[in-house]
Amino acid sequence: MWTVGNRPTLAQAMRDISPLVDHCRGLGIAHKGMLAKLYAQYHRKGYATSSELQPLDGVKNVIHDQYKSKMTGSQTLAYVRRELKRQVRWCPMCSINEANTLDHYMNEGDYGQLACCRLNLVPTCGKCNRTKHDDPYTDFVHAYYDHHPDVDFLITTITVKNNHVGMIFSIDQNALGNTDLARRTASQFTKLELSSRLHKAGIMFVNDMIGGLMCTTDRDLAAYLQQKETYMKSTYGRNDWRTSIVRGLRHCRAFNMNVVNTMRRLNYGVPVNGGGS
């Protein structure tokens, strides 16, 4: 969640320029050099400034149209889409759904010059892509170029009421240190409605986890959650929602075998004895 380990390389992006230009009547030899310069500028920082985009202003709509016509099916640039999606399974914005679309980090409508630049194309799920839409890129994390510190910043606060588990997700901006990254991470969390989306996915995750538990004592449960957190962290990352939920469960004193047994009985009709320490 949040970032992608294998980001596209500048060399790969540069190789895409010739197929783009050679199969477009509105682009010529001169545009190859201009695109190469723009891609290199973008690669250095994960975005392009208005002055860097300006030389290609006159053809930005032409390039934008090439994305629509050449990036699908068996068209000239369809291989870019296939290669990008091959490297990413889960949407880096939510990690709930599979990444089955491409999102323009700098949106294609305003920044058509980058519409076919793979450095600007991030595999995401359709829900995140549609929700982000044309919102300012400065309010989002760039899955290729941003790097979060190795700290817990996605916080899941677990609540237990009447032997039912609830959860509240939040971003600990202070833990991130970098003020701008913290702001963009929190903004992305809010704009993509992740609080409610993760809650829905999280309740299903906890119910499924409880349904398969073999623990009989609180001590067993604590050991299981410790192992589960380690596994989730190594598999999905320390700030994936699944890892955060298990971490929250582990730190919630009210979550014990009495709660587990009640939930198993209500959700699965499993006859169980009361838990103990």
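The values are calculated or read from the model by the stated rules, or taken from the named source; none is laboratory data. Keep in mind it's a predicted model, so treat the numbers as computed, not measured. Glycine gets a Cβ as well: all are built from the backbone with ideal geometry, and neighbour counts include every protein chain shown. Accessible surface is based on the protein model in full, side chains and every heavy atom, while ligands, DNA and RNA are left aside. Shrake-Rupley method; radii C 1.70, N 1.55, O 1.52, S 1.80 Å.
For the range 71-96, enumerate the residues that are open to solvent by less than 20 Å² (accessible area, probe 1.4 Å) and in contact (Cβ under 8 Å) with a residue 60 or more places away in the chain. Give the derivation first.
Let us first name the residues in the range 71-96 that are open to solvent by less than 20 Å² (accessible area, probe 1.4 Å), namely 71, 77-78, 80, 84, 88, 91-95.
Passing the criteria: L77, V80, L84, V88, P92, M93, C94, S95.
Consider the range 21-52 and keep the residues that are more than 30 Å from H147 (Cβ to Cβ) and basic (K, R). The one that is most open to solvent (accessible area, probe 1.4 Å) is R25. Screening K233 on (1) touching a residue at least 24 places away in the same chain (Cβ under 8 Å); (2) open to solvent by 60 Å² or more (accessible area, probe 1.4 Å); (3) in contact with a helix residue (DSSP H, G or I) (Cβ under 7 Å, 6 or more places away or on another chain); (4) assigned to a helix (DSSP H, G or I) shows it passes everything except condition (1). Selection within the range 53-69: residues that are farther than 14 Å from D110 by Cα and surrounded by fewer than 19 Cβ atoms within 10 Å (Cβ to Cβ). The member of this set that is modelled with the highest pLDDT is P55.
Is it true that some residue in the range 149-166 is hydrophobic (A, V, I, L, M, F, W, C), buried (at least 22 other Cβ atoms within 10 Å of the Cβ) and not in a strand (DSSP E or B)? Checked against the condition, which is being hydrophobic (A, V, I, L, M, F, W, C), buried (at least 22 other Cβ atoms within 10 Å of the Cβ) and not in a strand (DSSP E or B), the range 149-166 yields at least one hit.
Residues of the range 168-198 that are closer than 30 Å to R265 by Cβ and crowded, with 17+ Cβ neighbours inside 10 Å: F169, R197, L198.
Can you confirm whether the range 216-229 contains a residue that is touching a Lys or Arg at 6+ places or on another chain (Cβ under 9 Å), open to solvent by 20 Å² or more (accessible area, probe 1.4 Å), polar (S, T, N, Q) and in a helix (DSSP H, G or I)? Yes: one or more hits. For beta carbons closer than 8 Å, sequence separation of 6+ or different chains, a first residue in the range 177-192 that is in contact (Cβ under 8 Å) with a residue 60 or more places away in the chain and closer than 11 Å to F140 by Cβ and a second that is basic (K, R) and open to solvent by less than 70 Å² (accessible area, probe 1.4 Å), the qualifying pairs are K191/K132; L192/K132. Set side by side, the residues N256, N267 differ, and just one is in contact (Cβ under 8 Å) with a residue 24 or more places away in the chain, within 14 Å of V165 (Cβ to Cβ) and either among the β-branched types (V, I, T) or surrounded by fewer than 18 Cβ atoms within 10 Å (Cβ to Cβ) (or both), which is N267.
I'm trying to understand the selection: among the residues of the range 1-50, which are basic (K, R), closer than 20 Å to Q66 by Cα and at pLDDT below 95?
So the first thing to find is which residues in the range 1-50 are basic (K, R), and the list is 7, 15, 25, 32, 37, 44-45.
If we keep only those that are closer than 20 Å to Q66 by Cα as well, we get 15, 25, 32, 37.
The one that is basic (K, R), closer than 20 Å to Q66 by Cα and at pLDDT below 95: R25.
Checked against (1) out of contact with any Pro (no Cβ under 9 Å at 6 or more places or on another chain); (2) closer than 18 Å to N61 by Cα, P8 passes all but a single condition, namely (2).
Scanning the range 86-100 for residues that are under 15 Å from N6 (Cβ atoms) and assigned to a loop (DSSP other than H, G, I, E, B) turns up Q87, V88, R89, P92, A99. Within the range 116-131, being out of contact with any helix residue (DSSP H, G or I) (no Cβ under 6 Å at 6 or more places or on another chain), in a helix (DSSP H, G or I) and buried (at least 21 other Cβ atoms within 10 Å of the Cβ) holds for one residue alone: C128.
In the range 66-81, which residues are outside any loop (DSSP other than H, G, I, E, B) and either aromatic (F, W, Y) or farther than 18 Å from L114 by Cα (or both)?
Applying the first criterion (outside any loop (DSSP other than H, G, I, E, B)) to the range 66-81 yields 66-70, 78-81.
Residues satisfying the conditions are Y67, Y79.
Here I203 meets the list (1) open to solvent by less than 80 Å² (accessible area, probe 1.4 Å); (2) more than 22 Å from D146 (Cα to Cα); (3) within 18 Å of the chain's Cα centre (by Cα) almost entirely, failing just condition (3). G26 fails exactly one of the following numbered conditions: (1) free of Cβ contacts under 8 Å to residues at least 60 places away in the same chain; (2) assigned to a helix (DSSP H, G or I). What is the number of that condition? It fails just one condition, (2).
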